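Report on the following structure.
The values are calculated or read from the model by the stated rules, or taken from the named source; none is laboratory data. Since we're looking at a predicted model, the values are computed, not measured. Note that we place each Cβ from the backbone using ideal geometry, even for glycine, and neighbour counts take in every protein chain shown.
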Amino acid sequence: MLITGREAIIIPVGPFLSVCAEESLRGLGMKKSWAIRKNSEAVSPVIGTILMVSITIILVAVLFVMVVGLGGNNNTPFVMVLDRNTVPSGYKVLLTDATSEVKWGDVIVQLSEGTDIDSWSNLTTADLVSPVTPAVWHYGAPKSLGDLNVFLNITDIGGNGKINRGDSITFSTFTSPTFSTSLTYTLTLVYKPTGGAIVSVGIF
């Protein structure tokens with residue numbers, strides 16, 4: 001009920017409250033003083049924060065998968081070639097220290113001339129452990145690489161059965177034909193535990 005100076009106006013309640021109140025006030029020469037409130041917020045701050053965190057986590061996960069996929073296995077150590085020299089009827093490659101411990105028994109030695117690949121995988125760590133240094137391992141029979149018969153020698157400078165700075169790998173033919181200067185020969189050391197390449201480099 002709205003009471004003015006001399007009159008009392010009963011304003012109904014219920015579904016027609018707004019309409020009746022407006023008509024009554026208009027009759028008294030009064031203006032409605034309420035306004036329609038609009039909600040201008042599309043998403044609450046809490047939900048927005050959760051969405052941003054979720055998107056960030058997804059992007060980081062995708063980036064991680066991409067990096068791992070492009071970079072290969074991160075558990076594969078790395079070795080650099082210190083020097084490459086020619087020796088009679090062959091090549092000698094000097095190695096540096098590995099980024100983490102690598103035993104010679106965990107290595108497969110490969111040599112390629114672009115078409116064929118020779119692999120030596122029967123080397124054991126014990127073959128290059130010796131109190132007499134340097135320890136030298138000779139692979140008995142030669143392997144065929146194209147029209148070549150290639151012999152492999154490995155020298156462990158410290159005799160500890162691990163790849164260290166100064167250790168070397170030598171490929172020789174000893175007899176004709178020998179390595180061709182018109183071809184690029186690639187040495188690859190494969191790490192058995194992961195199957196990744198420790199090093200892959202052109203000899204000459």
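Any idea which of (1) under 27 Å from the mean Cα position of the chain (by Cα); (2) within 30 Å of Pro177 (Cα to Cα) is the one Thr86 doesn't satisfy? Going through (1) under 27 Å from the mean Cα position of the chain (by Cα); (2) within 30 Å of Pro177 (Cα to Cα) one by one, Thr86 breaks only (1).
Test each condition in (1) at pLDDT 95 or above; (2) closer than 23 Å to Asp116 by Cα for Asn164 and report the one that comes out false. Among (1) at pLDDT 95 or above; (2) closer than 23 Å to Asp116 by Cα, the lone unmet condition for Asn164 is (2). For the stretch 154-161, the criterion of being among the hydrophobic types (A, V, I, L, M, F, W, C), modelled with pLDDT of 95 or more and in contact with a Phe, Trp or Tyr (Cβ under 9 Å, 6 or more places away or on another chain) is met by at least one residue.
Cβ-Cβ distances below 9 Å connect the following pairs, each with a first residue in the stretch 164-177 that is closer than 17 Å to Trp137 by Cα and in contact (Cβ under 8 Å) with a residue 60 or more places away in the chain, a second residue that is outside any loop (DSSP other than H, G, I, E, B) and basic (Lys, Arg), and a separation of six or more residues or different chains: Ser168/Lys92; Ile169/Lys92; Thr170/Lys92; Phe171/Lys92; Ser172/Lys92.
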